[in-house]
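Colleague: Handing you a structure now.
The values are calculated or read from the model by the stated rules, or taken from the named source; none is laboratory data. Quick caveat: nothing in here was measured; it's all calculated off a predicted structure. Because the Cβ atoms are built from the backbone with ideal geometry, glycine has one as well, and the counts that use them run over all protein chains shown.
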C-alpha cells in the first residue's frame with residue numbers, strides 16, 4: 001500500500017454498471033470501478049521506473065498510455081476502489097521486483113566419479129555380451 005498512497009492525487013476513477021450478481025442493484029448503481037493512472041507524466045517516478053512499467057505491464061496499459069486496473073468483484077463501489085488500489089499496488093511491486101541472478105553450478109566430484117564408474121560397468125556388461133568367434 002506504500003507505493004499507491006503517494007500517487008492517489010494522480011489517479012483518475014471511472015465508474016460504470018457492473019455485470020453479475022446484485023439483483024436490481026446491478027441495473028441502477030455504478031459499482032464497477034476503473035482506475036486510470038498516467039504514469040508517464042507522474043512526478044513520483046524516475047525515467048527508469050517509467051520504462052520498467054512500460055516494458056513489464058504492457059497488458060495493463062491502454063492506447064492512451066494510461067495504466068488501467070478494473071474491479072467489479074464486490075457489490076460496493078468503495079470496496080471495489082480499495083480492491084483496485086490493491087491490484088495496482090501488486091502490479092507495481094511485480095514490475096519493480098528484480099529477478100534473481102542464476103548461479104551456475106558444477107557437479108560434485110562424487111557424482112562425476114559415480115557416473116564414470118557406472119559407464120565402465122555398463123561397458124563391461126556390454127563387452128561380455130559379444131558373440132564369441134569359434135576360431136578363438
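Colleague: Cβ-Cβ under 7 Å, sequence separation 6+ or interchain: first residue in the range 79-92 and at positive phi and without any contact (Cβ under 8 Å) to a residue 40 or more places away in the chain, partner surrounded by fewer than 21 Cβ atoms within 10 Å (Cβ to Cβ) and not in a helix (DSSP H, G or I). Which pairs?
Modeller: Correct list of pairs: empty, since none qualify.
Colleague: Take the range 71-83 and flag every residue that is farther than 16 Å from residue 17 by Cβ and surrounded by 16 or more Cβ atoms within 10 Å (Cβ to Cβ).
Modeller: 83, the sole residue that qualifies.
Colleague: Is it the case, given these coordinates, that residue 91 is at pLDDT 90 or above and within 22 Å of residue 41 (Cβ to Cβ)?
Modeller: yes
Colleague: Turning to a different aspect of this structure: For residue 101, which of the numbered conditions (1) part of a helix (DSSP H, G or I); (2) modelled with pLDDT of 90 or more fails to hold?
Modeller: Failing condition for residue 101: (1).
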